[in-house]
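Asks: Structure incoming, see below.
The values are calculated or read from the model by the stated rules, or taken from the named source; none is laboratory data. A quick note: this is a predicted structure, and the numbers were derived from the prediction, not measured. Here the Cβ positions follow ideal geometry from the backbone for every residue, glycine too, while neighbour counts run over all protein chains shown.
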Ligand code: DAH
């Protein structure tokens, strides 16, 4: 009986190894392992054998069955690979210059502008810091020269949590921690503190085209031995020239009041629409209000562990939503938080 098994194994090898396609292979599988297949039929011969012959023949046939199944599945993998390769070789219309899937995601315009500003400040030696959204009254107000019951708090009509903490109303809330973090490097190593800390801010606002209860600011500070208003103007001007890609952009300072700076300013830039000649967008003045800033108040430096007799610096709080609106010509701030993908997917990075 062994000869029959050997003969079937030989036929099987020949057939399977020469199969040209998966369908041909399937025919061979049926021919050998199907219900009426050559190997299955061998078992029917068993009835004619003695008990001892049955045992050894049975195990030979079972071995052959396993061998056949493995051989067929190995050949199937090979054929699949060959067929795929053939398909790739024969496909001539494959065009590598086609654009990628346009349905893929896009960055929010605030993320784009925030990253661009961060890169610009980084190139001027600023570190980029992260700061939480839930802060203490001390961080948001008291350390910034705004004591309890000071009327300046009314401007920021605050959202408090039940534990007394609050959603930060201004990125200025990060100033105190930054001074404390870097004061040793300033005092002991003579390093200038240069940091920006962008973040989300919250205020109780009634919404309209210019007001949102959730918005982004980017705070920046520079503190050292001889930091002056000139450094402030230079840093802001460089940043705006880059963001708007306009070398002729002009800036000016007007007095403005903020308890944590003295003197305090509003920094304006020449109107993006008319270039400073005067138009409806700038109310015919030629200037747009862009960024509150000033020289850091001595009390604020003192609270951060820095001696105001020896060191001075500037701070600014750039409204990123406003910057996005000017850069891309968005005229309703509510679009930025609206979740309308048709609107949000239009913005692309500057190259
Ligand atoms: N934190 C102020 C606000 O949200 C903006 C501001 C003004 C920040 C002057 C500053 C600054 O750093 O110097 O209204």
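Asks: Kindly provide the set of residues from the stretch 223-248 that are surrounded by fewer than 18 Cβ atoms within 10 Å (Cβ to Cβ) and assigned to a loop (DSSP other than H, G, I, E, B), ordered by number.
Replies: Listed by number, the residues that qualify are 225, 226, 228, 245, 246, 247, 248.
Asks: Okay, next question. For residues that are closer than 19 Å to residue 301 by Cα, without any contact (Cβ under 8 Å) to a residue 60 or more places away in the chain, in a loop (DSSP other than H, G, I, E, B) and within 13 Å of the ligand (Cβ to nearest atom), tally how many sit in the stretch 127-159.
Replies: Adding up the residues that qualify gives 1.
Asks: Further question on the same structure: Of everything in the stretch 160-173 that's over 12 Å from residue 136 (Cβ atoms) and part of a helix (DSSP H, G or I), which residue is farthest from the ligand (Cβ to nearest atom)?
Replies: 171
Asks: So, in the stretch 275-303, of the ones that are farther than 20 Å from residue 121 by Cβ and within 13 Å of the ligand (Cβ to nearest atom), which residue ends up surrounded by the most Cβ atoms within 10 Å (Cβ to Cβ)?
Replies: By that ranking, first place goes to 300.
Asks: Right, another one. Can you tell me which residue in the stretch 320-338 is modelled with the lowest pLDDT, limited to those that are out of contact with any strand residue (DSSP E or B) (no Cβ under 6 Å at 6 or more places or on another chain) and either more than 30 Å from residue 280 (Cβ to Cβ) or within 16 Å of the ligand (Cβ to nearest atom) (or both)?
Replies: Result: 322.
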